[in-house]
Each structure stands twice: as C-alpha cells, then as structure tokens.
Amino acid sequence: MAKKRLVMALGHDALGTNLPEQKAAVAKTAKLIADFIQNGWQVAVVHSNAPQLGMIHTAMNEFGMQHEGYTPAPMSVCSAMSQGYIGYDLQNGIRAELIKRGIYKPVSTILTQVTVDPYDEASYTPVKKIGRVMTAAEAAEEEAKGNYVAEVPGKGFCRMVAAPRPVAIVEIDAIKALLDNDQLVIACGGGGIPVMEQGSNLKGASAVIEKDLAGALLAKEVDADVLMILTNVDHVSLNYGKSNEAPISSMTVSQAHTYKKDGQFGVGTMQPKICAAIDFIEAGKGRSAIITTQAMAREALEGKAGTIITE
C-alpha cells in the first residue's frame, strides 16, 4: 500500500531567528517530523528564511563595503546560503531524532532553484523588507545600484525586493526520486533560490519567493495528499483582530475564494497561505491543506485542530 505524502511548510517558529534559537527550535521541529514519519507518512519539508536571509545579506554586504576586493552578495546567492545553513541544522536534527527511534532513513537537503517570470506583475511592486535599516546616504547608494528602497517611519530606510510567483522547480526530478525511494527531503528553502531562464542558463533574480506558494508548487509536483502550512495562529479566522473575530475549523475552496474576495485575509500574512492552499487543492483530486501552529500540527493532521481546507 502506497504511503500518504505530506509537504510541510515550516514558519518562523520552527526555526527561530539567530543560530542558538535555530538549534533549539529545530530540535522541537525534528520531533514533530519524526512523529509523522513514524506514523507512516512520507515527508517533504519547505521552510521560511526571512531572518536568516536578512542576516546573511547584511553580513555579506557590510563585509564587501569594508574590505577592498570583495563585492556585495546578490540576493540569489544569499538565498542559497540560507538554504544550506538551515538545511544543515534541519537534516541533522531530523536524522538524530529518527535514529533515537530506531528509524534509519536518509535525510537530504536539496539546494533548490525556482524559476520566476521577470514580467510577473509582482516584480514591479517590491514588498519584502531585506537587511538592516539604512541611513538616507546609504539608501541613496542602494538606489544608485538600481535597488528599491522604502522609508521606515521614524527609523530610516530599508531595501525592498519583489516576491514574484514561483513558476517551476528546477531540481524537481531529484526531489521526486528521493521521495519515491521513501527518503525525507528538505527542499525549496525560503521559497527557493529565485532564478530566471536565459537560454540554457539560469540567472539569479533580485527577489524572494513566498515559501507557502513554493510549498504548494512542490506539493502539486510530487502529488502530495496534504499540504501543511505552519504559522503563528492556531486557526484561520474571519474578521481577524476584531471584536467579532471567528476562527474557522474547516472551509471549502469555494468558501476560501469568497473570503479572499471579501478581503478577509491579510495581503502579507494569511492571504499567501490561502492562495497556496487553493492552488494545491485545485490541481488534483482528494487533496487537503491544513493551516495551524506547530504546537497543534499533530492534532490538525488528525482533523482535531487547525483549519482544514478541502475541495
């Protein structure tokens, strides 16, 4: 009997912000993933990388400014670095937890490139803050390089990058081969390294990709049964933050479309998660998506917590 396949999109709580936090957070996350594997699921893991990407981007650029002969690192290179160091902690944490349980299963991180469309409408409206707050002079230097900056009221300026939709996963065949051989895969970290096709070459894009949308694309490509998106709220809610806030335990894709049209989901918060769930479910039969916290993930997979979205 074929195993059920789960794609997990890990949020900030699963990774922490700095190196010590990440080590501690990954130890907890590894236990959760090991539980699912022990219960017979095949698992592919996608993770966020915003704090790590910002740290790497700032460190590389500061080093380049202060040392002759070194240059700032492109966003795509910083993304690749974040995939490597987060994947390193995740795969070792999961491997150790599995071995403790007598489960000997390879765990691999795939350095994953994801193509984006340079003409995507989102490419013209940078929305993601990257790196530290800058002075006006530093912001002017960034703009002179062709980068977009925005003012942070009362603080200074920050570089902003676009978040185009993911089009295709370059290393998808390798990811499928590992999953098909019942191995655990960490892929599309931070939404993937954003690249654009130029003939036979792939050129890094100065952008980031929503990890939830990349997770949905991965889940579609590997024909997963469930897409689980872990975030900082137990449920999706209507009228979020208002006196009449109402948590939703379940909804159909049709209802999700209606709520989205009514503006129920924050553009930079819940909306990408809802869009990811819709994309995944509409691409195949018998699929479901779950949105919840890491603490409620076990119960949510059993239908006892979180928000489940179905056909």
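Residues in the stretch 36-50 that are within 21 Å of V195 (Cα to Cα) and open to solvent by 40 Å² or more (accessible area, probe 1.4 Å): A50 only. Can you confirm whether the stretch 208-229 contains a residue that is surrounded by fewer than 21 Cβ atoms within 10 Å (Cβ to Cβ), under 20 Å from T58 (Cα atoms) and not charged (D, E, K, R)? No, that holds for no residue.
Say whether the condition of being in contact with a Leu (Cβ under 8 Å, 6 or more places away or on another chain) and either open to solvent by less than 70 Å² (accessible area, probe 1.4 Å) or farther than 22 Å from C275 by Cα (or both) is met by at least one residue in the stretch 117-128. Within the stretch 117-128, none of the residues are in contact with a Leu (Cβ under 8 Å, 6 or more places away or on another chain) and either open to solvent by less than 70 Å² (accessible area, probe 1.4 Å) or farther than 22 Å from C275 by Cα (or both). Selection over the stretch 3-35 of residues that are open to solvent by less than 10 Å² (accessible area, probe 1.4 Å), in a helix (DSSP H, G or I) and either touching a strand residue (DSSP E or B) at 6+ places or on another chain (Cβ under 8 Å) or small (G, A, S) (or both) gives a count of 5.
Pairing residues of the stretch 149-173 that are more than 27 Å from A136 (Cα to Cα) and open to solvent by less than 60 Å² (accessible area, probe 1.4 Å) with residues that are modelled with pLDDT of 85 or more and part of a loop (DSSP other than H, G, I, E, B), at Cβ distances under 6 Å and at least 6 apart in sequence or on separate chains, gives P166/I209; E171/I110; E171/T112. Applying the criterion of being open to solvent by 70 Å² or more (accessible area, probe 1.4 Å) and of a type in the set (A, V, I, L, M) to the residues of the stretch 51-88, the residue that is modelled with the highest pLDDT is M81. Among the residues of the stretch 178-202, count how many are closer than 29 Å to Y148 by Cα and either without any contact (Cβ under 8 Å) to a residue 24 or more places away in the chain or small (G, A, S) (or both). Going through the stretch 178-202 one residue at a time, the tally reaches 9. For the stretch 239-252, the set of residues classified as out of contact with any Asp or Glu (no Cβ under 6 Å at 6 or more places or on another chain) and free of Cβ contacts under 8 Å to residues at least 60 places away in the same chain consists of Y240, G241, K242, S243, N244, E245, A246, I248, S249, M251, T252, listed by residue number.
Could you tell me whether the stretch 195-205 includes any residue that is within 29 Å of V43 (Cβ to Cβ), crowded, with 20+ Cβ neighbours inside 10 Å, in contact with a helix residue (DSSP H, G or I) (Cβ under 6 Å, 6 or more places away or on another chain) and of a type in the set (V, I, T)?
No, because not a single residue in the stretch 195-205 is within 29 Å of V43 (Cβ to Cβ), crowded, with 20+ Cβ neighbours inside 10 Å, in contact with a helix residue (DSSP H, G or I) (Cβ under 6 Å, 6 or more places away or on another chain) and of a type in the set (V, I, T).
Listed here are the strands (runs of 3 or more DSSP E) enclosed by the stretch 209-311 that have at least 1 residues being over 15 Å from V46 (Cβ atoms): 236-238, 246-248, 250-252, 288-293, 307-310. When the helices (runs of 4 or more DSSP H) confined to the stretch 49-159 are screened for residues that are acidic (D, E), those reaching at least 2 such residues are found at 75-100, 136-144.
One residue stands out in the stretch 160-177 among those that are touching a strand residue (DSSP E or B) at 6+ places or on another chain (Cβ under 6 Å) and outside any strand (DSSP E or B): the one that is farthest from Y148 (Cα to Cα), namely I175. Residues that are out of contact with any Leu (no Cβ under 8 Å at 6 or more places or on another chain) and acidic (D, E) were ranked within the stretch 185-241; the one that is nearest to G286 (Cα to Cα) is D223.
When the residues of the stretch 93-134 are filtered to those that are of a type in the set (D, E) and touching a strand residue (DSSP E or B) at 6+ places or on another chain (Cβ under 9 Å), the one that is farthest from V185 (Cα to Cα) is D120. Scanning the stretch 74-96 for any residue that is over 22 Å from the mean Cα position of the chain (by Cα) and either farther than 24 Å from L202 by Cβ or among the polar types (S, T, N, Q) (or both) turns up at least one such residue.
Does I308 meet the test of being open to solvent by 20 Å² or more (accessible area, probe 1.4 Å), over 16 Å from the mean Cα position of the chain (by Cα), modelled with pLDDT of 95 or more and over 24 Å from S76 (Cα atoms)? Answer is yes for this residue.
The values are calculated or read from the model by the stated rules, or taken from the named source; none is laboratory data. All values derive from a computational prediction rather than experimental measurement. All Cβ positions, glycine included, derive from the backbone under ideal geometry; neighbour counts span all protein chains shown. Only protein heavy atoms, including side chains, enter the accessible area calculation; ligands, DNA and RNA are left aside. Shrake-Rupley method; radii C 1.70, N 1.55, O 1.52, S 1.80 Å.
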